[in-house]
Each structure stands twice: as structure tokens, then as C-alpha cells.
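Structure first, then comments.
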Amino acid sequence: MKSYRDLIVWQKSMDLAVDVHPVALGFPKAELFGLTSQINRCATSVPSNIAEGHGRRTTGDYIHFLSISRGSLNELETQLTLAMRHGYISEAVHDRLLELTSEVGRLLNGLMDSLERRLSSP
């Protein structure tokens, strides 16, 4: 793999961040420095940590950054659910975005599993 940009997980997580941004901007202005900002930060963190990990020198470091990315993805799911419960997004929007987070999560898990197998094989 020449670049992190070639990774489907990075591409899908970029798509997710782009899809989440306008949704978060639709929240009430009172949430600008709260939920809106937090959702955008963690959505951006997912592909950013994939890219950063890819640039590290060791496989262990790469896995560590993918783990951070997965944590940010879980944080995003939680915040999207909070946004729905507050009535800032519809259940349909929530479910659509959670489908995307699930897809990214599966891809992240697959990449992490592959890298961990590489670490454990002679």
C-alpha cells in the first residue's frame, strides 16, 4: 500500500466526516461550541488517525492509531444518538449515519486484525 489514501477505510471515513458536517451545522446555535463542535471533531479524527497511523514507523504504532480512530468512531455514534434524542436530527438521519459508522467500524476492525496477524506471524 503506497498511501493511506488508497485504503477503503480511509476513503469511507472521509465520506462519513463529509456527510456528518452539514448535519451538525443544522443543530441549534446554542450547540455550536458543544455538540456541533464535538461531532465534527470526532468525525474528523477518524480518518486523521488512520492517516497518522499509516505514517508511523512500526506496525504497533499503526494499530495504536487505528484504535484511537475506532474510539473516535464510537464517540461519534454516541453523539449522533444524543443529537437524535435531543431532537436535532431525525431517526432516519441517525440510522443512515450509524450505517456508515458501522461500515467504517467493520473496515477498521478488518485492517487491525490484518495488522495484528502480521505482527504475530514469524
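Every number here is computed from the coordinates shown, using simple stated rules; none is lab data. Just so you know, these numbers come straight off a predicted model, no measurement behind them. Here the Cβ positions follow ideal geometry from the backbone for every residue, glycine too, while neighbour counts run over all protein chains shown.
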Exactly one of 44, 78, 59 is under 24 Å from residue 111 (Cβ atoms), among the β-branched types (Val, Ile, Thr) and touching a residue at least 60 places away in the same chain (Cβ under 8 Å), and that residue is 59
Hey, can you tell me all the residues within the stretch 1-38 that are touching a Phe, Trp or Tyr at 6+ places or on another chain (Cβ under 8 Å) and among the aliphatic types (A, V, I, L, M)?
35
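Sort out which residues of the stretch 7-55 are among the small types (Gly, Ala, Ser) and within 12 Å of residue 76 (Cα to Cα), and write them in order of number.
Result: 13, 17, 24, 37, 43, 45.
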For residues that are hydrophobic (A, V, I, L, M, F, W, C) and in contact with a Phe, Trp or Tyr (Cβ under 9 Å, 6 or more places away or on another chain), scanning just the stretch 82-106, find the one that is farthest from residue 59 (Cα to Cα).
89
Among the numbered criteria (1) buried (at least 16 other Cβ atoms within 10 Å of the Cβ); (2) without any contact (Cβ under 8 Å) to a residue 24 or more places away in the chain; (3) touching a Phe, Trp or Tyr at 6+ places or on another chain (Cβ under 8 Å), which single criterion is violated by residue 54?
(2)
